[in-house]
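Student: There's a structure below that I have some questions on.
The values are calculated or read from the model by the stated rules, or taken from the named source; none is laboratory data. Everything quoted here is computed from the prediction, not taken from an experiment. Backbone-built Cβ (ideal geometry, glycine too); neighbour counts: all protein chains shown. Protein only, heavy atoms only, side chains kept; ligands, DNA and RNA dropped before computing areas. Shrake-Rupley method; radii C 1.70, N 1.55, O 1.52, S 1.80 Å.
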There are 6 protein chains.
Amino acid sequence: MNDKLTTLRTKTPEEGFALAVKLAQKGVEVTQPSESIRKRLRPKYSRNANSLIAASQVIAIHFQTVAAANNYWQSSKYNINIKK
Amino acid sequence: MNDKLTTLRTKTPEEGFALAVKLAQKGVEVTQPSESIRKRLRPKYSRNANSLIAASQVIAIHFQTVAAANNYWQSSKYNINIKK
Amino acid sequence: MNDKLTTLRTKTPEEGFALAVKLAQKGVEVTQPSESIRKRLRPKYSRNANSLIAASQVIAIHFQTVAAANNYWQSSKYNINIKK
Amino acid sequence: MNDKLTTLRTKTPEEGFALAVKLAQKGVEVTQPSESIRKRLRPKYSRNANSLIAASQVIAIHFQTVAAANNYWQSSKYNINIKK
Amino acid sequence: MNDKLTTLRTKTPEEGFALAVKLAQKGVEVTQPSESIRKRLRPKYSRNANSLIAASQVIAIHFQTVAAANNYWQSSKYNINIKK
Amino acid sequence: MNDKLTTLRTKTPEEGFALAVKLAQKGVEVTQPSESIRKRLRPKYSRNANSLIAASQVIAIHFQTVAAANNYWQSSKYNINIKK
């Protein structure tokens, strides 16, 4: 997977979740482009429960988007039966 | 239930809620993969009301996704009546 | 109402709001299953304005889900008129 | 307007916003039912910018729900033109 | 633009964003009606990065609502092609 | 790209994400119009993990809006097959 975001489609919910994680990280990267600064922050926030919950929340928001983009990985949702 | 996320479909809202909980935990796990560190954090945040509310919020966001993926566990929602 | 979540349908918005409250509590309960610990936390957070606002927010997110599951308690929303 | 929530429909966006405010307060009230305690908290949080922003956020989430329940106060949105 | 909210429709995304800002402020105003108190709070929170990010988040939530109310300022989204 | 927001349409998810970032910044700018004050805040919050996560969250919310406005960069989502 390269860094450019070319599609929101994934084959499985598992891959969709991974994409949501990537999107959450991308949001951090645009705000703090320096990889070395981000790496220095990691030991602290990854050991702080509230930071972990907050990170999980950003992933959850992106997962909503990715799941919608993939019709929730099912084709049946938007099927409309019209009875005549 | 194995660790790979293969579907967002569940039989009942109860199981859907359990899946939302799992998704919220998964978001924490990808940020802090060490199970031993996560276990060390647990006694503290699970006794902090604000952390518990924040955790509940992440579950709520994932439950929106899971509920939508399951047509809110009803078939009638997307029925469209066309009168001629 | 038993503890198992069997449906998101409710008769009125009032009951839907009560269900949203229940869902928010359920999210706390799965994270902290001990009722005695939860009860010990209550006096403090229920007297803290920011905690109350945060709790209200989780309810708001679940109410979105419950309201959508109930077609916002109206049948007219998804009616589609097709003129020929 | 009595305390029971009987409908999410309002005549105008202005009234819809007022309903969203009421829903946000309702979420606080279920968590802290004592009116005297809530009144004691008010002077402090209503003078705290972060609390005010947090309260505004809960209103925003409920306003999404109310606006959707009212088709965003327009009838045109769900019109579907089918060309044959 | 007067203070009453009469419509969520705007001509452009730019105006829609301005409406979202207005809605976020309206949420603060209903919680703290005193203009003089709000003005006293402003110098502090407008120089606090976390407060600014939180304010931006409330605007983002309202912008979702306004954008949906305006079909995302495009007419093509809800077109449905039915092939016979 | 000029400062006025004229459309939510973008050619790719990558450009859509950039637009979401711009919208998040725009929300900060309307609350703190002074560029010099904003620049003074930057070194501090861009080195604070929780601020970075919060900024990433605002971007995530706007990305939901932009993605919806672009049909998730796919045309197939709103196709409805009607079998007769």
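Student: What part of the accessible area of segment C:9-77, given as a whole %, is carbon or sulfur when the probe is 1.4 angstrom? The partial results should precede the final answer.
Tutor: Details: 1430 of 2800 Å².
Looking at segment C:9-77 in its full context, I get 51 percent from C and S.
Student: Cross-link list A:Lys11/A:Lys44; A:Lys4/E:Lys44; A:Lys26/B:Lys44; D:Lys11/D:Lys39; A:Lys11/A:Lys39; C:Lys39/D:Lys26: which exceed 28 angstrom alpha carbon to alpha carbon? Don't skip to the answer; put the middle values down first.
Tutor: On the way: A:Lys11/A:Lys44 34 Å; A:Lys4/E:Lys44 38 Å; A:Lys26/B:Lys44 30 Å; D:Lys11/D:Lys39 31 Å; A:Lys11/A:Lys39 31 Å; C:Lys39/D:Lys26 21 Å.
Violating the 28 Å Cα-Cα cut-off are A:Lys11/A:Lys44; A:Lys4/E:Lys44; A:Lys26/B:Lys44; D:Lys11/D:Lys39; A:Lys11/A:Lys39.
Student: Could I ask something else about it? Give me the angle, in degrees from 0 to 90, between the Cα long axis of helix C:13-31 and the longest principal axis of the Cα atoms of chain C, rounded to the nearest 10.
Tutor: With rounding to tens, the tilt is 40 degrees.
Student: Looking at the protein assembly as shown, I'd like the Rg to Rh ratio, where Rg is from alpha-carbon atoms and Rh is Kirkwood's inverse mean 1/r. Intermediate values should be presented prior to the final figure.
Tutor: On the way: Rg = 21.9 Å, Rh = 23.4 Å.
With Rg and the Kirkwood Rh in hand, the quotient comes to 0.94.
Student: May I ask for the Rg/Rh ratio of chain C, computed from Cα atoms with Rh as the Kirkwood radius, given to two decimals? Could the numbers behind the result be given before it?
Tutor: On the way: Rg = 16.8 Å, Rh = 14.8 Å.
Using only Cα positions, Rg/Rh for chain C is 1.13.
Student: Leaving out ligands, DNA and RNA, calculate the buried accessible area for the pair D and E with a 1.4 Å probe, summed over both sides, in Å² to the nearest 100.
Tutor: 2900 Å²
Student: Compute the angle between helix D:49-69 and the longest alpha-carbon principal axis of chain D, please, reported from 0 to 90 degrees and rounded to the nearest 10.
Tutor: So the inclination is approximately 30 degrees.
Student: Hey, another quick one. Please get the size of the charge dipole for the protein assembly as shown, origin at its Cα centre, with Cβ charges of +1 on Lys and Arg and -1 on Asp and Glu, quoted in debye to the nearest 20.
Tutor: 260 debye
Student: Run the helix sum for chain A: -39,500 (n - 2.57) per DSSP H stretch of 4+ residues, divided by residue count, reported at 222 nm to the nearest 500 deg cm²/dmol.
Tutor: -20500 deg cm²/dmol
Student: By per-residue mean of other Cβ atoms within 10 Å, what is the highest-first order of B:35-46, A:53-64?
Tutor: Put in order of decreasing packing, that is A:53-64, B:35-46.
Student: What's the angle, to the nearest 10 degrees (0 to 90), between helix F:35-45's Cα axis and the longest principal axis of chain F?
Tutor: Once rounded, the angle reads 90 degrees.
Student: Here's another thing I want to ask about it. Over chain E, what is the relative contact order in percent, taking alpha-carbon pairs closer than 8 angstrom and at least six residues apart?
Tutor: On the way: 45 pairs, mean separation 37.2, N = 84.
Answer for chain E is 44 percent.
Student: With every protein chain kept in place and ligands, DNA and RNA left out, what is the accessible area per residue of chain A? Probe 1.4 Å, answer in Å². All intermediate terms of the calculation are to be shown ahead of the outcome.
Tutor: Details: 4130 Å² over 84 residues.
That works out to 49 Å² for each residue.
Student: Please state the charge dipole magnitude for chain D, taken about the Cα centre, from unit charges on C-beta atoms (+1 on K and R, -1 on D and E), reported in debye and rounded to the nearest 20. Could the numbers behind the result be given before it?
Tutor: Details: 14 positive and 5 negative charges, 21 e Å.
Here chain D has a charge dipole of around 100 debye.
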